[in-house]
Structures are given as structure tokens and as C-alpha cells.
Protein chains: 4
Amino acid sequence: MDQSPLLAGGSQKSCEPVIPPQTGEALAMIIITRPDATEEQIGHIVSRIRDWGLKAEVSRGEMRVVIGVIGPEDKIREKPLGVFPGVESVTPVLKPYKLVSYEFRGTSSKVKIGDVVLGNKDVVIMAGPCSVENEGQITTIANSIRKAGARILRGGAFKPRTSPYSFQGLGKVGLQLLAEARKESGLPIITEVMDTKDLDLVCEYADCLQVGARNMQNFSLLREVGRTRLPVMLKRGMAASIKDLLMSAEYILSEGNFNVLLCERGIRTFETMTRNTLDLNAVPVLKSETHLPIVVDPTHGIGIRQFVPAMALAAVAAGADSIMVEVHNAPELAKSDGEQSLLPAEFVDLVGRIRAVAEAVGRAV
Amino acid sequence: MDQSPLLAGGSQKSCEPVIPPQTGEALAMIIITRPDATEEQIGHIVSRIRDWGLKAEVSRGEMRVVIGVIGPEDKIREKPLGVFPGVESVTPVLKPYKLVSYEFRGTSSKVKIGDVVLGNKDVVIMAGPCSVENEGQITTIANSIRKAGARILRGGAFKPRTSPYSFQGLGKVGLQLLAEARKESGLPIITEVMDTKDLDLVCEYADCLQVGARNMQNFSLLREVGRTRLPVMLKRGMAASIKDLLMSAEYILSEGNFNVLLCERGIRTFETMTRNTLDLNAVPVLKSETHLPIVVDPTHGIGIRQFVPAMALAAVAAGADSIMVEVHNAPELAKSDGEQSLLPAEFVDLVGRIRAVAEAVGRAV
Amino acid sequence: MDQSPLLAGGSQKSCEPVIPPQTGEALAMIIITRPDATEEQIGHIVSRIRDWGLKAEVSRGEMRVVIGVIGPEDKIREKPLGVFPGVESVTPVLKPYKLVSYEFRGTSSKVKIGDVVLGNKDVVIMAGPCSVENEGQITTIANSIRKAGARILRGGAFKPRTSPYSFQGLGKVGLQLLAEARKESGLPIITEVMDTKDLDLVCEYADCLQVGARNMQNFSLLREVGRTRLPVMLKRGMAASIKDLLMSAEYILSEGNFNVLLCERGIRTFETMTRNTLDLNAVPVLKSETHLPIVVDPTHGIGIRQFVPAMALAAVAAGADSIMVEVHNAPELAKSDGEQSLLPAEFVDLVGRIRAVAEAVGRAV
Amino acid sequence: MDQSPLLAGGSQKSCEPVIPPQTGEALAMIIITRPDATEEQIGHIVSRIRDWGLKAEVSRGEMRVVIGVIGPEDKIREKPLGVFPGVESVTPVLKPYKLVSYEFRGTSSKVKIGDVVLGNKDVVIMAGPCSVENEGQITTIANSIRKAGARILRGGAFKPRTSPYSFQGLGKVGLQLLAEARKESGLPIITEVMDTKDLDLVCEYADCLQVGARNMQNFSLLREVGRTRLPVMLKRGMAASIKDLLMSAEYILSEGNFNVLLCERGIRTFETMTRNTLDLNAVPVLKSETHLPIVVDPTHGIGIRQFVPAMALAAVAAGADSIMVEVHNAPELAKSDGEQSLLPAEFVDLVGRIRAVAEAVGRAV
């Protein structure tokens, strides 16, 4: 297995958590006291810190005292420093994520799905229907998007639906149809896993696992996908900050699976004219904070078919490594998300436009 | 079993989904066309609707046409009406939730946890630590909150933590310690289940299952807790609308478990001075929309110990049926959320104040 | 004039800005460098700080360097510390507001509107229609709410309306009608001023000026109301953090007018079932951060008539000093906000319930 | 004057509001009743509607009744339909904006600032410092950005600052320095007006007025700028929906000034790693909803210098007609927003990259 550039020569399948590096004697936390904090309270904080085997450096201002806490980061993070009487605020100096941070590797990672590598110069396009519905549908779409230039096939067999009365996906049959479409089209497949109990099944069929926005903080699922050999695309939750997304990815990497893609797919805001608010700011921020490749899903990010192409182009211009779009050959018959899926002809047109923008920003398709 | 007022005489344990009532020939959806919609597009929409065996009523305005779609609601909801060329908007007439809706029962439900009934005149107080840490801790707290007036013990054995490096809970040992504390104190226990694979284990110990905010749209878990005999407290997700919360509860009820509590615990907004924004508006709205009892968690809703009591009182005044607060006997030693946990003495004081407000609004403690 | 407890014996009318207190040699700002910051970059930051006549204290961690900046706060705030190459974050130690901060006075302020004092033990109820519409309407409502227990009359003469085609208020005539209603009912009046050019006119009639949510950061208007002798109620903007609200109030106080009330009226979130999300968390936070009295407007905070009473009670339980509610004698004829205005009979009922909750939390009506 | 394509041959300076077109007998509003609405309540609604001279069309479903209200839109909008007992929801069929709507013109508008036309094939770049600070600064920057390819100079003379203690701009002197820089560089200037009382002064100097995000719903100011002859750039408020932005623009157009640009500059969300969340979804949505040209301000939209270029490119790819970026020759000395201003050399580089992306999407620079 050489999928993981980080674990070259080793096994990706590891149940042993990677031991995060200890950061030794760094200044790790800054405590600021309240203006009405008493000397006794300040003394109590300092002696507690020292009891824990840590160092405390005290600087006195006119109204407030600043206490720097020095020692191994992990040990310090566990301490409930905010709890002490007299404390106004506690500011961490160090970032809470490690394995996902850019500085951990100092270079960008590449992730391989089947034969397709994400994180290279070329922008990889993933496409396909929201749900797998039947053999004709998925194979037709797979062939059509491959010809247009897509390199990975998406399609849901297990569907997270807001209503229990909506179509919930074909389950195992859907996975089989995806495998069929892979055989026909040659495209590797990405599909969502929603529950740890379905993981083995999904792993039998998928080339890349998707953890959906609603499960971004399903920590059990994150741990379990972290123990598989498969690449994982983690979608940002609707209320998840960029930091939360990185922390969730940290769960996967900490279990030994470094083949992780992060996907921006829109956050929830007060705006109601669009389904979500696609946060393209996250693209350059993530490219700076982490070594992991970044995917953007403009389909869910805006949720209205006619506007998806504009946002796909914007995502490429912002620096995304990959674009995921929904395509359906008959949206009027789609069992889910027909409103936002492109028609095959629209997708062909979009790929050409993505190529032009990709080249304009020094990349390719 | 008489826990469920809806299923009196029947079994709560049912794997058969309840069949939602068909609503027959109601006007279920309103389509508004774009000003530039052509006659051909309008004709296409209408004929598609009729092909599906539904009725379409067309009203013409100066700039737009309004098409009412009439027929069985469930059938209509599945149709991708927004997909048709020429459509500007699609507005559902009917609400998407049924079993949870107030009109489904026409009266409030009561839910029984051990011997404690929620949904009666008295406001039920649940309290306990964030995490179960050791026997001394949980039993001491259980006894202390029982004396103060709490009627249900909370405590986490499986903890959803943002960081993989934080304390993740004691798991099975935590459940055993909770059971021990129940025996000592006589209080029934509520504890979180995070994964379908842990459900049988948690069900062995818990009197009430908690589905946490991060799992509010973990639909696999919702279905599975819907198949148990235990009451379930469903916490609102950080980005979940009131409607989303009701739809998630609908998953549980649709599997046959009507013993569901809804818990408001704060949503995520731009405000950073508090951990979350406690949305007390949700209390009267939910009391009007659903028959299920409403719990408020002011601890997570504001996240700062000294302000928890004010929000607990506000929640009671707003009409909550139950209040859940974190209490810890030694917050400085807590393994999680020490900053926001009340001290036992503060809790005693709070119960007295809750009682006064409860009586002022015609309730009791 | 003795309205201002802060300026007893002095004049409230002062165009001279109050000079904010200098905080001397406090540690005022903490700079954290990036892991890849060079020694040259760090040296550049430190020498710049010293060039400005400030002190820099450097602490070295393993990956990052922490530089404390010491000196007069105001001078430091103006410096663009985040601009330097190699800087990761800049954290202020001191709060940006001074005159409004609780620690500035060390006790709560009282604000007098006519003969009514806000900030005392009793919770003051303000009520009245959204807009002044005609003499019969405003005088009828004034008399009716006075009898019910309201102590201040609200009513808009200048109305900020989202649409230019909506009723914009009666302007000067509206003010005259308000003055008439004051004479009839004996209630002092609060009314909105939207523009500096209307300020003199509004000051002729009003007992308290209202600065609306949409003008919370209209800094010209804030300065000008800060130069009047009248008390000012400043409403929180829809996207304003608690800190922003305090900074806007600081504008008013810095011009010499300390008679300021802060009003929580709901913020904008993703929730669409209610008009706004009433952030009652802001009540205890503000009571702790500032000496100014706090008003809550549950009418705009939830925006649905039947739910206004629950939120009014919750606001009192959370610690509000005053409640402002819309009352209309004929909501079906109201020119604005009829949907959310209470009927006079509903208001009578609400006052009784507010009294009960106020007493339960140690206050009165 | 031929700046306004809508008012060709006429004067742009008009204090007479444009009369919005009457839409006659359209179905304008849809009322849905509650399941528990009585026949008496439904009858009351219908008879009220008829009393107002409007038509009511009643459709009966199983649980709810739908009442279509037919008549002149403006008349209907003023009626408080949501107020009636028994009403569950009121849905407008027609959009609330008219003059700004794309369908009002059926083609895109062009707006001329000095000799520069916005809304053509070429993407217009506006650049300059946050604040005008002194003559050397503004003239140096003006010359430098003109050489790089910018066509309009921005710079603030009146600055809306969160803190009253921050630099508030040079006022009239700032305007004079801008005029000087215009003379030197040949670039037309855009600058902010914050208050109606400064409007005449600003109009003497500016080629285009800017209404800032914090004043987007300062309706007095909107009306007044609508009465000038100058083009106006209206920035989206931090909590303003796209619809709110369009309604605010409608104020300006309704006063006779059709030379309006809309500027997306980031909204406020829960994300804290960036200053705002740049909502590029708004670009294609606005291009579809309105005929007005769209500007994007990536500087405020992300607020971190190193990430501004990525967002500028994304904005062009999304379809923006113009990009506004902050440039400062010495950010370390800037009196405001140094952290987010590009250096002149970075700006030169950015213009080249914008040109490449503009050409890739069929435009030019």
C-alpha cells in the first residue's frame, strides 16, 4: 500500500493511535485575571499550576494579572483553568490540532482514490447523482460524466434525509450498482457511510468513504473510518467552524489514516435565498492551516442548479484541489435533490469552464 | 407498561414503523412560476402533476401563475417540483412532521423516567456532572443533588469531545458507576449514547437515553433509539432549526417510541461572549407545535457558571417542563466542563429560586 | 438636572468628550508569532514596539514566541500589530470599553425618564403601539396601558421600514400626538430618532430617545445623542455582538451622556420560525459587564403575538430591569407590526404575570 | 447627462419618487389557516379582505384552508394579514422589490463613475487605502494603483469605527486630499458618507458615494443619496439578507437615482478565523435578481491580507462586475485596517491574476 505519502512503506491499516508529539516546555496557555481578582485567588491559581508540575510566569498590569502556563501542551489542555475564581479569560497559545496542521508536514499531502491523485496540480472533478436509484441511472450518468472529464463517481446508497418519510437510499443494492457503474466506466467511487455498523459493508465497495456534514462530529464514526485503509472525505458540518472541521479530521488521522480530504459544502447562516452559504474563505484558510487536500461542493453550497456553475468556478479560483458536483440525467425523476443537480449537457459545459479557470490560476483539469 | 400515554395497553418495543396518517385530498403544495415562464413550461408542470395522479389547480396573476397541487401529502413531498423549468418557488401547505405535531394528539404528552413523570405541572430538575469520573464523585453528587431537590441524575459515560486527545469518558465502567449511584440515591439516570453499536450496552443501565446535539441528525442512531423501550431526550443541534429538531424527533416516533423529550441547549451564532446562544424562543414555539415535553439545558446554553442560574430561571418562566444543569463537587478537578458546572451549594440555592419562579408561573418543583 | 447619578451636581449637557482614564503601564496586548517566524521578523516587531515608546516582553516557547506589549492602552490599540510579518495572533488583555464597564463605576447606574427610574428594584414596563397612527389610537392606548401598570409610553413617529413603500411614520405630527397622549395619561414617552437632522425636533417632544437596531452603528447619530440632555435607549443590532453593543454605548457616554439604557431585542440567526432570536444570555452577561440598566423587548425578539408573554416573563426572570412590549387596540388596523402587538386585555394579563415573576426573583412591578 | 440608461434624456437629480408600477389584479398573497381555525374565523378573514376592495379565493383542504388574496400588490402588502385569528402563515406571491428587479428592466444596467463604466464586459478594479491619512500617502497610492491597472480610487475621509477612541478619519481635509489625488492620478474617487448632514460636503468631492455596511438600513441616508446626481455603491450589512440589500437599494432607486452598485463584503456568521464570511453565493443570485452591477470587496470579506487575492479571484470567477481591494504603501503605519491591506507589489501581482481569471470567464480587465 502506498496510498499514504505519510506512511510510505508502512501500513495504513492501524488500530494504534498515532502518539501526538509532545511539545515540551512551551508557553501553552495565557490566563488573564479579572480586575477584582484578589491576591489570594491569584496565589491559588499559581499554586495549583505548580502542583500539576507545570510552570507559571506571572506578569502584573495595573488592573489585571497575566499568568503564562508553561509545560507539555496536552497536559495543560486537560486542566480546567477557566474554573478558578478570579479568572477572566484563558487563551491557548498553541493550536489544538497537530497531525492535520500544515506545520506537522511542512508540505501538502496527496491522497489517492483508485488511480486518481488529489492534491496535485490538476483539479479533480467528482460528479454523480445525489442518490443511486437504479442500474440504468447510475451507469448512464457514470459514462456520461467520464466522457465529460470527471474522474471520480459520487452517489449515495445510504442517504441522510431530514424526514423519515423521504427516500433513504438503496443501501447494499445501491453499493452493488455503484460497483457495476465503476466497472462500466472505470471511475473510482466515493459514497457516504452513516453508521459504524454499515462500515464494513461500505468498505467492501467504496474507493473513498464520505462522512457527511451531519456526521462531522459523530466521533465514533470518525474513529472507525480512521481505522480503515480507505481514503475519507470529511464534509464540514453546517455549524462547524474551520477549527472544528480540523479537529474532526484530527480524530481520523490520530487513528492512523492520513488519507483525508476536507470538503467545504456550505454553512448555515441567516440567508434564506440559498440553501447554504458556501464559505469559500475556508479554502485559502485551510490551504494555509493544513496539509490535507481541499474539496468544494458547490451543489450543496448554493443548492440551486442554475447557480452551481458560478460557484464551481469560484471554488477553483479560490484554490480548491477538487470540485464535487451533482449530475442527474433526469432531475424531474430524481428521488432527492433534483433541484440542484446539473443536467449532463450542463456538466459538459461546466467542465470546459472549470478547465479555463484552472489554467488561469496555474492548474489544470 | 404504561409509560406511553399514546400506546396505553400496547408495547413500547416495536420495530414496526407507525404508519403516518394519509391526509387525502388536501391542497398540499403551492407552486409559483417565474415572470418569464412560458405557457409551454406551465403546461408541462401541470401535465406532470396529473401524470402522477395528482390534481393541479391553476390561478393566473399578471406576472406569475400559481399552481396548487392537491393529493396525498406524502406522495407530493417526494416529487421534485422545484426542478421544473419556469418554477420560482414551491411552498408546502402542510407541515412536514406529523406524529410529533401538537395537532396529532391535541394534548400534551407525559414521559416517565423511572418513577418521575415529565410534562406534569411540576418542573423536573435533572442534575449531575458532565462526565462520570469515579465512584466517589458520582455517588456524592447524586446524593447531594437529590437532597437539594433534583429528581433525575445525569452523567456522561460516553463523551463526545471535540478533540481526540481529550477525556472520552469511562464507557462501560461509567455506566456501572451510574447504576451504583442510582442505587445509592434512588434517582433514575439519563446518559448519552453516541453510537448504534453501544446502544444495547447503554440500554442495560440507563433509565433515559440522551441523543446529543452533535448526533441530532445521526439518523441511524435516531431509528435505533426509536426501536428501544426507553425514553429518549433529543438535544437540539447547534445549527438545527426548530423544524429540524421536530423532524429528527419524528424519526424516533415513527419507529414506535413516543417517549421523547426535546431539549433546547443553545444554538451557534456569531456571539462569542457565551458558549452558545440559548434560544428560549424555542420553548413557547415548541409547546405550541408539539405535544412532547420540553427540557432546557442552561449550562450548555450559556456555558459560564455564574450565569447559569439566571438562564435556568428564564427557562422556567418561558414554560420549560424540565431543567437540566451540570453540578460538580470539585470543578477544579473535573475532567470536562468544569467552567460551567455549579457547585453543590450553588445548586441548592438555585433549586429554591427555581421553585419560586415555577410557582409564579403556576407550576411547582 | 439630577438625572445622572454619575454627574450629580454637574451638567448632563456637555459637548466635551469625557477623557478616558489612562491605564498606564499595563500589559495591554499579547502577540503570538507563527511557527515559521524568523528571528529577523521577531526582532523587527520588538524594535518597532520600542520605537513607539512601549515595552516588549519576550517569552520563547518551542514553536512560538509570545511578546507582551506594555504601555498605555489607548496608544497600543491604535497600532496595527497584526500587520507585521511573522505574527499569528494578537490578543488584547484589556477590554475595549471603559465608561460603560461595570468596573468603571463599581455599582449599577440608575436612569430617570420623566419621573420613572430604571435600575431600581422594580421592573419598569414600557408599552405602546409600534407606530403612532392618529390621536384616538395613541391616547386610547396610553390610558389603557397606564391603568394596566405600564409606566412609560412607546410609539414611533419616524419608522425604519425595510420597504420604501411601507408606512414611514407620521413624523412631526406623530410627535405631537405622543405629547398629547403624555398629557392625557401622565406617562413619559420614548420614541425613535433615525437621523441627526431630526434630532432637535425629536428632543423637543421625547422624554427618552430610542436609537434603533438598524442604527446601532450609525456613529454620527450616537455622537449626537451623546450631546443631548436626554436619556437614550440603545437597541442591539441584529448582527451586533454584546461587545459591539457596549462599544456603541461607549460612543454616547464618551460625549458626556451617561443616561443610557441597553436593549436586547433579538439577533439574526438561521432560525426562521421566529422573527429574531431573543438572546436572553445577554441579560446576565450585560449585568456583569456594565453598570447600565438593561431593557428587553420580547415583541421584536420573537415577533409572534401569542409567544410574547412567555418571553417577557423569561426576560424578567433572567434579570432585566425593564420590559418593552408593543400593545395595539386594533391590531387588524395597525399600520405596522400588527402581528406581534398584544391586545390591551392580553397586556393587562401579562402585567399580572410579570409582577408574580418579578416578586419571585426579588423584584417588584 | 447620460449616466443612467434608465433616465436617458432626463435628469438624474429628482426629488420626486418614481411611482412604482401597479400590478393590477394579480394573486398577491396566500393565507394558510391553522388546522383548528373555525368557520367563523375563516369567514372573518374573507369578509375583511372583501371590505378592503380585494378579492379572496378560498380552497379547502382536509386540515387547512388556503385563501388567495387578489388585487393591487401595494395595497395588499400594507394589510396586517398575519394578525387574524386562525391564520397559520402568509406567503407573498410577488417579490417586494420592483425597480431593482431584473424583470423591471429585462437587461443589465451600466453605471458610470467619472469615465469608467461598470457593468460592461471588463471587470473594474477599485483600490486604495482604508483611510485617507495624508497627502503623500493618498497620492502615492493613487499613482501606484493606477499604474497597476486600477480604475477607481477608494479612500475613507469619514470612517465608521467600532470604538469612539479610534481614528475617525480626516473629514473635509480627507476629501480635499482625495480630490488632489484624483487630479494627480486621473482616477475618479469613491468615498463613504455616513450622515445626511455631511452629504452636501461629500457630494462636492466624490465621483461615487459609498453607503457602508453599518448604514445599509439607515433609511434617511438612503433616501438622501437617492436624491443626488451621484452614483452610489451600497454595501451589504453584516446581518442583511440578499433581499434586505435589494430593498435598501429600492429606497435609492425610488427617489430617482438608478445609478446604484451593490457590494458584497461579507456577512457575520459563527466562523471566527476570518473577519467576515464572504458570501459569494450572493453574486450569481444578485445577477439573476437585479439589473444593477455587482461589486465584491474581498478585503473586508476575509480580513486577512494573505488570503485577499484568493477571494478576489473567486469573486471574478463567480461573476462580479467589479472588485474593491484595500492597498496601503505602509501597512505598519496605517491608521486603520493595516492587517488586511495589500502592499503595492502584491496588488500589481493580483491585477495580473485577476486579468487571467477574467479572461477565462469571458471578461477582461
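Every read-out reported here was derived from the displayed coordinates using simple, explicitly stated rules and does not represent laboratory data. From a predicted model like this one, the values you see are computed outputs, not experimental measurements. Virtual Cβ from ideal backbone geometry, glycine too; neighbours counted across all protein chains shown.
Points to keep in mind about this one:
- Compactness of the stretch A:27-92 as Cα Rg over 2.2 N^0.38 Å, two decimals: 0.99
- Loop-exposed trypsin sites (Lys or Arg not before Pro) per DSSP, neighbour cap 14 Cβ within 10 angstrom, longest uninterrupted part of chain D: D:122-365
- At 7 Å out from Cα toward Cβ: residue D:77 inter-copy label distances (nm, ascending): 3.4, 4.1, 5.3
- Environment charge of residue D:289, counting only residues whose C-beta is closer than 10 Å and scoring Lys/Arg +1, Asp/Glu -1: +2
- Amide H contacts under 5 Å for residue D:237, placed H, 5+ residues apart: none
- Counting only other chain Cβ atoms within 10 Å of each residue's Cβ, the peptide C:166-175 averages 1.
- Reciprocal mean inverse distance between Cα atoms of chain D - Kirkwood radius, Å: 22.0
- Computed about the Cα centre, the dipole magnitude for chain D is approximately 280 debye when only Lys and Arg (+1) and Asp and Glu (-1) carry charge, each at its Cβ.
- Positive-pole candidate from B:280, B:301, B:290, dipole of the stretch B:261-317, charges at beta carbon: B:301
- Percentage relative contact order, chain C, counting C-alpha pairs under 8 Å, at least six apart: 17
- Take residue C:40, push a point 7 Å out from Cα through the beta-carbon direction, and compare it with the same point in every other copy: 5.4, 6.7, 8.6 nm, smallest first.
- Counts of other chain beta carbons within 10 angstrom of each beta carbon in peptide A:316-323 average 5.
- Residues whose amide H comes within less than 5 Å of that of residue A:156, counting only those at least five positions distant or on another chain, are A:131, A:132 (H built at 1.01 Å from N in the peptide plane).
- Shielding by partners, peptide C:214-225 (average Cβ within 10 angstrom, other chains): 6
- Quotient of C-alpha Rg and 2.2 N^0.38 Å, computed over the protein assembly as shown: 0.88
- Close amide-amide hydrogen proximity is noted between residue B:342 and B:326, B:327, B:328, each under 5 Å apart and 5 or more residues distant or on a separate chain (H modeled in the peptide plane; Pro and chain starts excluded).
- Sum of -39500 (n - 2.57) over DSSP H runs of 4+, divided by residues of the protein assembly as shown (222 nm, nearest 500): -9500 deg cm²/dmol
- Using the Cβ of residue B:104 as centre and a radius below 12 Å, the other residues enclosed give a net charge of 0, where K and R count +1 and D and E count -1.
- 20 Å Cα-Cα threshold exceeded, pairs from B:110/B:235; C:75/D:335; B:98/B:121; C:183/C:235: B:98/B:121; C:183/C:235
- In this assembly of identical copies, the label point of residue C:107 (Cα plus 7 Å along Cα-to-Cβ) is separated from its counterparts by 5.6, 6.8, 7.2 nm, sorted shortest first.
- Local net charge near residue B:31, Cβ-Cβ under 12 Å (Lys/Arg +1, Asp/Glu -1): +2
- With both residues required to sit in the protein assembly as shown, DSSP beta bridges show an antiparallel share near 45%.
- All Cα pairs of the stretch A:252-352, percent lying beyond 20 Å: 42
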